Amino acid sequence: QVQLVESGGGLVQAGGSLRLSCAASGSTSSSYAVAWFRQAPGKEREFVSTITWADGFTYYAPSVKGRFTITRDNAENPVDLQMRRLTPEDTAVYYCGARGRSGRYYDPRTYNYWGQGIQVTVSS
């Protein structure tokens, strides 16, 4: 089992920045990677970014590439998502997920564990 807890969400004006953190505990050695997804009202859960535990490979959705940065220092530290130049279109509940193997990192169905989610609201 892996437990994930998100923190750092809130309200920010357009053009501003926020930093989200995903703290993982439990059997983290069984996880291949951690990712951030988001879900706006009435929409499907959407891939944002992912990072692999072992070698730190990162992938980003085109809509956030160049604005968001995903990082992790080691298995004991949270996986952070630094978000810059935020727009109202970034408003959503952001979820942290963990998956046990590679492949289809953009597909939420490949993730075994999820956090509770945290609200990010960007005002215009």
Output for segment 62-116, where each listed residue is in contact (Cβ under 8 Å) with a residue 60 or more places away in the chain, touching a Gly at 6+ places or on another chain (Cβ under 8 Å) and basic (Lys, Arg): Arg85
Restricting the search to segment 32-50, which residues are open to solvent by less than 30 Å² (accessible area, probe 1.4 Å) and either over 14 Å from Pro78 (Cα atoms) or without any contact (Cβ under 8 Å) to a residue 60 or more places away in the chain (or both)? Phe37, Arg38, Ala40, Phe47, Val48, Ser49, Thr50
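For segment 85-119, name all the residues that are acidic (Asp, Glu) and in contact with a Pro (Cβ under 8 Å, 6 or more places away or on another chain). Before you say what the answer is, go through the steps one by one.
First, the residues of segment 85-119 that are acidic (Asp, Glu): 89-90, 107.
Scanning segment 85-119 gives no hits.
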Got at least one residue in segment 65-72 being within 13 Å of the chain's Cα centre (by Cα), under 23 Å from Leu11 (Cβ atoms) and surrounded by fewer than 18 Cβ atoms within 10 Å (Cβ to Cβ)? yes
Only residues that are farther than 15 Å from Ile51 by Cβ, in a loop (DSSP other than H, G, I, E, B) and of a type in the set (S, T, N, Q): list them for segment 90-124, please. Thr91, Asn112, Gln116, Ser124
Which members of segment 1-58 meet the condition of being more than 10 Å from the chain's Cα centre (by Cα), part of a strand (DSSP E or B) and among the basic types (Lys, Arg)? Arg19
Selection within segment 92-122 - open to solvent by 40 Å² or more (accessible area, probe 1.4 Å) and polar (S, T, N, Q): Ser102, Asn112, Gln116, Gln119, Thr121
Based on what the data block shows, is Thr87 of a type in the set (Val, Ile, Thr) and under 15 Å from the mean Cα position of the chain (by Cα)? no
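Could you list, in sequence order, all residues of segment 73-119 that are over 27 Å from Leu11 (Cα atoms) and of a type outside the set (Gly, Ala, Ser)?
Listed by number, the residues that qualify are Asn74, Glu76, Arg99, Arg101, Arg104, Tyr105, Asp107, Arg109, Thr110, Tyr111, Asn112.
The values are calculated or read from the model by the stated rules, or taken from the named source; none is laboratory data. Note that the structure is a prediction, hence the values are computed from the model and not measured. Virtual Cβ from ideal backbone geometry, glycine too; neighbours counted across all protein chains shown. We work out accessible area using only protein heavy atoms, side chains counted, and drop any ligands, DNA or RNA first. Shrake-Rupley method; radii C 1.70, N 1.55, O 1.52, S 1.80 Å.
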